[in-house]
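Below is one structure, written out as structure tokens; the observations come after it.
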């Protein structure tokens, strides 16, 4: 734990010295939130007002900020691997999980800031927390928990990728497909028939639905979709945490 604490502090210091890391993670989802809500909100939900569409769609934009922000985790882990930094750490009596876990824990702070920025913009457009303080806590906690698991997947890829560009390029395409083949922007019944089973099984759909339920009056604060999201977070962390640590230990 002390090793993880040291590496977490390093990650936070690097983040403080590069504020554009947080800005870039929040910029794209925020711009998409503005563009899609103002330009296409009426087309997607003709009977809804701008505030009603933002209330529905804001969770998926916050989720996008966390998911696409995890790409920088992969790039940073790959940079540490090829720059010789990891080789220096291997000469020290340090836990093999600490360099990876420290970076991922530090990135939780970036993800929290990203979700906060997107949410502030959404509130300015009409988004409201209608389910009390506990609902607001669940709204922030669900994407951060899933982001923790996704970050382990990203680090696993970074441990074996030949270049950061190839890793990020392929992962970016996967994240785009997950995001747009979900119920984050459009309700399930409005999707084509062939896309509905995909959207129903999509973890992004469950994350967005859990956040939406937590902030909607009369809905359960922590319902089925929240449990599914937590299961994804735990599964990703356990599986890819093990694989990433093994890959780090084998690296030369």
When a/c is below 1.5 the answer is rounded, else prolate if a/b is larger than b/c, else oblate, so apply that to the range 8-127 with a ≥ b ≥ c taken from the square roots of the Cα gyration tensor eigenvalues. prolate
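Just subtract the alpha-carbon distance of residue 9 and residue 224 from 0.36 nm times their residue separation and send over the number in nm, one decimal.
Residue separation times 0.36 nm, minus the Cα-Cα distance, leaves 73.9 nm.
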If you line up the long axis of helix 132-158 against the longest principal axis of the chain, both from Cα atoms, how many degrees apart are they, to the nearest 10? 40 degrees
Roughly what angle does helix 98-124 make with the longest principal axis of the chain, taking Cα atoms, 0 to 90 degrees, to the nearest 10? 20 degrees
Sorted by mean Cβ packing within 10 Å, highest first, what order do the peptides 62-72, 107-117 take? 62-72, 107-117
Residues in the range 197-230 near a label at residue 137, defined as backbone nitrogen under 15 Å from the 7 Å Cα→Cβ point? 214-215, 221-223
Please identify, among 227, 194, 152, the residue showing maximal mean-square fluctuation in a Gaussian network model of the chain using a 10 angstrom Cα cutoff. 194
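Which of rounded, prolate or oblate describes the range 181-233 when judged by the alpha-carbon gyration tensor and an a/c cut-off of 1.5? Working shown, then result.
Working: a/c = 2.72, a/b = 1.48, b/c = 1.85.
Oblate shape, in that a/c is at least 1.5 and b/c is the bigger or equal ratio.
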Percent of Cα-Cα pairs per 5 Å bin, from 0 to the last occupied bin, for the range 3-45, please list those. 5, 20, 14, 13, 12, 10, 8, 7, 7, 3, 0
Given contacts defined as C-alpha pairs under 8 Å and at least six residues apart, what's the relative contact order of the range 2-250, whole-number percent? 27 percent
Gyration tensor verdict on the range 139-226 (Cα atoms; rounded if a/c is under 1.5, prolate if a/b is larger than b/c, oblate otherwise): oblate
Between residue 48 and residue 92, how many nm apart are label points set 7 Å from Cα along the C-beta direction? 4.9 nm
Segment residue 82-residue 16, extension gain: residue separation times 0.36 nm, minus the distance between their alpha carbons: 21.5 nm
By count of other Cβ within 10 Å, fewest leading, how are 237, 183 ordered? 237, 183
Please identify, among 158, 48, 101, the residue showing maximal mean-square fluctuation in a Gaussian network model of the chain using a 10 angstrom Cα cutoff. 48
Would you calculate the separation in nanometres between label points at residue 198 and residue 174, each defined as 7 Å from the Cα along the Cα-to-beta-carbon direction? 1.6 nm
In degrees, nearest ten, helix 203-214 long axis to first principal axis of the chain (Cα): 60 degrees
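Readers should treat all values here as calculations from the given coordinates under stated rules, not as data from a laboratory. All values reported here derive from a predicted model rather than from experimental measurement. Glycine gets a Cβ as well: all are built from the backbone with ideal geometry, and neighbour counts include every protein chain shown.
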